[in-house]
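Contents: one structure, followed by commentary.
Only the coordinates and a few stated rules stand behind these numbers; no lab work does. Small disclaimer: the values here were computed from a predicted structure and weren't measured. When we count neighbours, we look across all protein chains shown, and the Cβ atoms used for this are built from the backbone with ideal geometry, even at glycine.
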Amino acid sequence: MQIDQLFKTAVKKNASDLHLLVGKPPILRVDGTLCEIPGLPELNAKTTQELVFSILSEKQQKKFVEERELDVSYEIAGLSRFRVNLHWEKGFPGLVARVIAGIIPTLEQITMPQMVYDLCRLPQGLILITGPTGCGKSTALAAMINLINSERSAHIITLEDPIEFMFEPKKCIIKQRQLGTDTLSFAAGLKHVLRQDPNVVMVGEMRDLETIATTITLAETGHLVLATLHTYSAAQTIDRIIDIFPPYQQNQIRLQLSITLKSVISQRLISKIGGGRIAAREFLINTPAISNMIRENKIAQIKSAIQTGADIGMRTLDQDLIELFEKQFITKEAAQAQMLNPEELPG
């Protein structure tokens, strides 16, 4: 059993992820469902360790053994790239690899509305893509960066853990920096990015207080900043950002966020009728009314503002799910499973 062959099988089967763990055969996630690769035996400790260590340099092997966690990128030339997480489970190594599409999709291909094109053309501000793990946040960011790359002359810097999509410079200079090899942390990379003459900065994930604070400051100082968070809705995203700060700083952060935030796009991937998956999204645009709600800590009112903001492109996740169901992209059960108020689904 060779690791490259398993990766090739994952690509061939259109899987989003490959799982390797002791006691089970290699497992793929296809259209959201986990399934064993037919005809392959259960992995034992020796085979699993050989597969895992085969993609690592000697230095990476040592780091993985010492730190017990490691994120790396892996590439099979001419096929695909993979974002790989290595970990230990009950004393044995394990692997989860996310398949990264070889071609960066367009915003049209991932069904983003015109409003998102307009956001990408802003000279400054903060745009957040949120949602649970595996909901397509990285793909959405890549499509947005690629639009900017195609349309304007700019210097784009990305901070990623690890680098996923590889961008080919078109009209832009693009510098992709990877955690661990090019910078020691998101916070450290962001701290020095102002001296690198950027126009657009992409932050792979806002993980901690220092990263969030620096990201907001970057957006405040005349840069367009795109970032992700693991949150489930626009209102929860704003709450999460504010709550990570100590109480004495929260009023200041509310003020900064009310000025710098341009949009929150919260998304899920839903199983599609006929196979594949489709994104359901909630869109928040920071209007003067929403800016005021953030500043005055009236976050609970944001959902109502989104519901009534359809004329400028806003919508709740429930509204988007209802539309996807009515257009027969998804089943009633799939829509209801994701809706906050499933009783509102017609039919």
(request) Provide Rg and Dmax in Å for the chain, with only Cα atoms included in the calculation. (result) 20.9, 60
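Please pull out the direction-averaged projected area of region 3-100, using the convex hull of its alpha-carbon atoms, in nm² to one decimal place. Provide the component values of the computation, followed by the final result.
Details: hull surface 24.1 nm².
So the Cα hull casts an average projection of 6.0 nm².
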(request) Taking the dipole about the Cα centre of the chain, with the C-beta of Lys and Arg at +1 and of Asp and Glu at -1, give me whichever of Gly131, Leu119, Pro26 is farthest to the positive side. (result) Leu119
(request) Quickly rank 23-30, 63-70 as a protection proxy: mean count of other C-beta atoms within 10 Å, highest first. (result) 23-30, 63-70
(request) Take the chain, connect every pair of alpha-carbon atoms lying under 10 Å apart with a spring to form a Gaussian network, then pick out the residue of Ile241, Ile157, Ile273 with the largest mean-square fluctuation. (result) Ile273
(request) Towards the positive end of the charge dipole of region 276-326, with charges on Cβ (+1 Lys, Arg; -1 Asp, Glu), say which of Asn286, Ala310, Phe325 has the farthest Cα. (result) Asn286
(request) Just report the Cα centroid separation between region 106-130 and region 293-318, whole Å. (result) 18 Å
(request) Enumerate the lysines that Lys90 could reach by cross-link, defined here as Cα to Cα under 20 Å, with residues fewer than 8 away along the same chain left out. (result) Lys24, Lys46, Lys62, Lys63
(request) Take every DSSP beta bridge with both residues inside the chain and express the antiparallel ones as a percent of the total, to the nearest 5. (result) 60 percent
(message) Nothing charged except the Cβ atoms of Lys and Arg (+1) and of Asp and Glu (-1): what's the magnitude of the dipole of region 224-298 about its Cα centre? Round to the nearest 20 debye.
(response) 260 debye
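How many percent of DSSP beta bridges within region 154-290 run antiparallel, rounded to 5?
Working: 9 of 24 bridges.
The antiparallel fraction comes to roughly 40 percent.
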(request) Would you work out the relative contact order for region 114-344, in percent, from Cα pairs under 8 angstrom that are 6 or more residues apart? (result) 21 percent
(message) Please give the charge dipole size of region 3-100, origin at the Cα centre, charges +1 on K and R Cβ atoms and -1 on D and E Cβ atoms. Round to the nearest 20 debye.
(response) 120 debye
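Could you list the GluC sites (Glu not before Pro) in region 23-55 that lie in coil according to DSSP, counting only those with at most 13 other Cβ atoms within 10 Å of their Cβ? Each step should come with its number before you reach the end.
On the way: sites: Glu36, Glu42, Glu50; in loops: Glu42.
For GluC sites (Glu not before Pro) across region 23-55 that sit outside H, G, I, E and B with at most 13 neighbouring Cβ atoms in 10 Å, the list reads Glu42.
Given Cβ point charges of +1 (Lys, Arg) and -1 (Asp, Glu) and nothing else, what value in debye, to the nearest 20, does the dipole of the chain about its Cα centre take? Intermediate values should be presented prior to the final figure.
Numbers: 37 positive and 38 negative charges, 85 e Å.
Charge dipole of the chain: 400 debye, to the nearest 20.
Here are some pairs, Lys8/Lys137; Lys8/Lys170; Lys137/Lys298; Lys170/Lys272; which of them have Cα atoms lying more than 25 Å apart in this structure? Mind showing how you got there, number by number?
On the way: Lys8/Lys137 23 Å; Lys8/Lys170 29 Å; Lys137/Lys298 27 Å; Lys170/Lys272 34 Å.
Distance filter (> 25 Å) returns Lys8/Lys170; Lys137/Lys298; Lys170/Lys272.
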